[in-house]
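So the structure is just underneath, and the comments pick up after that.
Since every read-out is calculated from the coordinates, none of them should be taken as a lab result. This structure is a prediction, so every number in the text was calculated from the model and none was measured. Note that each Cβ is placed from the backbone with ideal geometry, even for glycine, and that neighbours are counted across all protein chains shown.
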Amino acid sequence: MKAASLFVKALEAEGVRCIFGVPGEENLDLVEALRESSIKLIVTRHEQAAGFMAATWGRLTGDAGVALSTLGPGATNLVTAAAYAQLGAMPMLMITGQKPIRLHKQGLFQLVDVVDMMQPLTKYTRQLVSAATIPARIREAFRRAEEERPGAAHLELPEDVARDEVDDAILLPTEYARRPSPDDAALVQAGEAISQARHPILMIGAAANRQRTAVALRAFIDKLGIPFFTTQMGKGVVDEDHPLWLGNAALSDGDFVHRAIDAADVIVNAGHDVVEKPPFFMHKGRRTVIHINFATAEVDAVYFPQIEVVGDIAHTIERLTDALQKQPHWDFGYFDKVRKAFHAQLQEHADDPRFPMHPVRIVADTRACMPDDGVLCLDNGMYKLWYARYYRARQPNTILLDNALATMGAGLPSAMAAKLVHPHRKVLAICGDGGFMMNAQELETAVRLKLDLVILLLRDDAYGMIRWKQADMGFADYGMQFGNPDFVMFAEAHGAHGHRPDSAEAFLPTLRAAFDAGGVHLIDLAIDYSDNHRILDEQIRQLSAAV
């Protein structure tokens, strides 16, 4: 059989169900092998979108999603998606084509050293130079992509290697590798620090966003009564309607949650990754930080934990829960005051009648529409801060936002992948007009796949987040605004349904009707960002300082 067929058999052995991508001349043998396989090829309109979809597939399943491109420009279009997966710890394998490596007659036409290009953006990248190495290379690529900390892997399959004839090869077993257990001495040290503290607090980060870890953390909180907060990528690991939730570190500082952090003498840090902006700044001697993660801390100028417990996070938390008891000297009185003030502030503007709509009203109406297991997939823009801070996630991985690479253009592809993983859940893509237009062509892909998907497009005719930063830094309003197409007509031209609510009262019924109708729906909603500075930079800071 051809090496391309062996390649596909190895993918099947890894449990691959679908591949996202754009085919090219150099991988037609692989495409033909896919046609005869159990793997579905999902053709996208841009390789970047294919990469975003593969990364989100990996994020939600734990199994590496797979993206396909040809050589040259096809491969370079995967670069942003590679960084998205690598920084965001999402398991993904990229497969790129290449010219024949033994002999070709095209000179340097489309020739890019893709393996070298992918080196700093992946955990593993190799060119396949022999069909005999295919099973081992694919097994290693998946192993590297999926093991903690997950990330991107890449394999380049040259055209002549793909066409080589090969005898039946033995596929390598895909055995489960156990994660390391935490060191007993480190557990004792962490337990003593927590027990001796007066104001311990729990922080939940992105690496804790695993199903078993979520269960373990909930048991830890319920038994010990220690308050908790999350980073942006840790949202939903524990139900944010829990009475001990202190909020999300969406803002860099000056929020209610930062008052609680300042009052803590021990911070139990479960799964934080320094790729996210630090939710607190460490100062020598002020408090004890306990780092609980799959790997040792990547020390930074503002993050140098005194105690590290390295191993499987869920197992570590379970061991601590068993070992610890509530302490009579723990004092959470100030945390209770912070929580009460924070929750009161969250309700402001939740029913604001203005139009264009206030961000808090949009978040509140979205929460009212979405079931507990409904999935929000956020692109990157100003609205991400409002959703991170105001939207209460009830379950893990129900609000997918990117606070690592923080790239624009990922919202729609991410939502499409989420719908493929969870076909029976409500999935809502939330995009700004800037980010949406970066991969708007995938609207056709969503329609072609017959997805039941709703896209909430928040339109302010500008790069809203950068405009906010520009104003906050005292610069003139310049260079941020742009024009937009008629998004309702744009949706309908792609075979989707377009809606444009003309009042705040019309938004929630429109959103509910779109979900009820099925199919692909785009809601063009005007958003009012005039309160960005007043609330996020001034009011919250003043109210929290008064607690």
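Between Lys277 and Asp502, what is 0.36 nm times their sequence separation minus the Cα-Cα distance? Round to one decimal in nm. Write out the running numbers ahead of the final one.
Working: separation 225, 0.36 × 225 = 81.00 nm, distance 3.67 nm.
Using 0.36 nm per residue and subtracting the Cα-Cα distance, I get 77.3 nm.
Please label the shape of the range 172-217 as rounded, prolate or oblate, based on the square roots a ≥ b ≥ c of the eigenvalues of the alpha-carbon gyration tensor (a/c under 1.5 means rounded; beyond that, a/b larger than b/c means prolate, else oblate).
Here the range 172-217 falls in the oblate category.
Can you list the lysines whose alpha carbon is less than 19 Å from that of Lys99, not counting same-chain residues fewer than 8 positions off?
Cα-Cα hits under 19 Å: Lys2.
Hey, what did the chain get for relative contact order, percent, Cα under 8 Å, at least 6 apart? Mind showing how you got there, number by number?
Values: 1204 pairs, mean separation 70.3, N = 547.
Over the chain, the number comes to 13 percent.
If the reach is capped at under 17 angstrom between alpha carbons, list the aspartates and glutamates near Lys450, excluding any in the same chain fewer than eight residues apart.
Glu442, Glu492, Asp516
In nm, to one decimal, how far is the Ala513 label point from the Arg286 one, both placed 7 Å along Cα→Cβ?
My value for the distance between the label points is 5.2 nm.
Can you compute the modelled spin-label distance between Leu28 and Ala132, with each label point 7 Å from Cα toward Cβ, in nm?
Result for the modelled spin labels: 3.0 nm.
Give, rounded to the nearest 20 debye, the magnitude of the charge dipole that the range 466-534 has about its Cα centre when Lys and Arg contribute +1 at Cβ and Asp and Glu contribute -1 at Cβ. Please report the intermediate quantities before stating the final value.
Numbers: 5 positive and 10 negative charges, 41 e Å.
Around 200 debye, computed over the range 466-534.
Work out how far the C-alpha atoms of the range 350-530 reach from end to end along every principal axis, then list the three figures in whole Å, largest first.
Over the range 350-530, Cα extents along the principal axes are 47, 34, 34 Å.
Rounded if a/c is under 1.5, else prolate if a/b beats b/c, else oblate: with a ≥ b ≥ c from the C-alpha gyration tensor eigenvalues square-rooted, which is the range 184-332?
Numbers: a/c = 1.13, a/b = 1.12, b/c = 1.02.
Rounded, since a/c falls under 1.5.
Which order do Arg361, Arg218 fall in if you start with the one that has the fewest other Cβ atoms within 10 Å?
Least crowded to most crowded, the residues run Arg218, Arg361.
If I fit a long axis through the Cα atoms of helix 47-61 and take the longest principal axis of the Cα atoms of the chain, what angle between them do I get, 0 to 90°, rounded to 10?
The answer is roughly 60 degrees.
I need the calculated FRET efficiency for the pair Arg198 and Lys340, taking r as the beta carbon distance and R₀ as 35 Å, to the nearest 0.05. Mind showing how you got there, number by number?
On the way: r = 20 Å, r/R0 = 0.58.
My answer for the efficiency is 0.95.
What distance in nm lies between label points placed 7 Å from Cα along the C-beta direction at Val188 and Gln347?
4.9
Could you pull out which residues in the range 426-443 have an amide N less than 15 Å from a spot 7 Å beyond the Cα of Val43, following the Cα-Cβ vector?
Flagged as within label range: 442.
Give me the aspartates and glutamates in straight-line cross-link reach of Lys337: C-alpha distance below 16 Å, same-chain residues under 8 apart excluded.
Candidates past the 8-residue exclusion: Asp255, Asp262.
Where does each of Lys277, Lys235 land when they are ranked from fewest to most other beta-carbon atoms within 10 angstrom? Walk me through the numbers on the way to the answer.
Details: Lys277 15, Lys235 28.
Arranged by neighbour count, lowest to highest, Lys277, Lys235 become Lys277, Lys235.
What base-10 log of the normalised intensity I(q)/I(0) is obtained for the chain from the Debye formula, alpha carbons as equal point scatterers, at q = 0.08, 0.09 Å⁻¹?
Log10 of I(q)/I(0), two decimals: -0.55, -0.70.
Between Gln325 and Asp167, what length comes free when the chain is fully extended (0.36 nm per residue of separation minus the Cα-Cα distance, one decimal in nm)? Before the final figure, lay out each step's value.
Numbers: separation 158, 0.36 × 158 = 56.88 nm, distance 6.13 nm.
Using 0.36 nm per residue and subtracting the Cα-Cα distance, I get 50.7 nm.
Mind putting a number on the dipole of the range 370-438 about its Cα centre? Charges go on the C-beta only, +1 for Lys and Arg and -1 for Asp and Glu, and I need it in Debye to the nearest 20.
My answer is approximately 200 debye.
Where does the chain land at 222 nm, in deg cm²/dmol rounded to the nearest 500, when only DSSP H runs of n ≥ 4 count, each adding -39500 (n - 2.57), divided by all residues?
Values: 22 runs with 209 residues, N = 547.
Value at 222 nm, helices only: -11000 deg cm²/dmol.
Mind checking the dipole of the chain: about its Cα centre, +1 per Lys or Arg Cβ, -1 per Asp or Glu Cβ, Debye to the nearest 20?
Working: 55 positive and 70 negative charges, 148 e Å.
Computed charge dipole of the chain: roughly 720 debye.
Just add up the charged neighbours of Gly409: K/R +1, D/E -1, any other residue whose Cβ is under 15 Å from the Cβ of Gly409. Walk me through the numbers on the way to the answer.
Working: positive: Arg45, Lys384; negative: Glu47, Asp379, Asp402, Asp433, Glu442.
For residues surrounding Gly409, the net value is -3.
Calculate the FRET efficiency for Asp262 and His424 from the Cβ-Cβ distance with a Förster distance of 56 Å, rounded to the nearest 0.05.
Working: r = 44 Å, r/R0 = 0.78.
E between Asp262 and His424, to the nearest 0.05, is 0.80.
Which of Met437, Met489 has the fewest other C-beta atoms within 10 Å, and how do the rest follow up to the most? List each step's numbers first, then the result.
On the way: Met437 18, Met489 11.
Placing the least packed residue first, the sequence is Met489, Met437.
Starting from the Cα of Asp373, step 7 Å toward the Cβ, then list every residue of the range 44-60 with an amide N under 17 Å from that point.
Output list for this probe position: 60.
Cα-Cα over 20 Å: which of Lys277/Lys419; Lys9/Lys40; Lys235/Lys426; Lys123/Lys384?
Details: Lys277/Lys419 29 Å; Lys9/Lys40 13 Å; Lys235/Lys426 18 Å; Lys123/Lys384 28 Å.
Correct reply: Lys277/Lys419; Lys123/Lys384.
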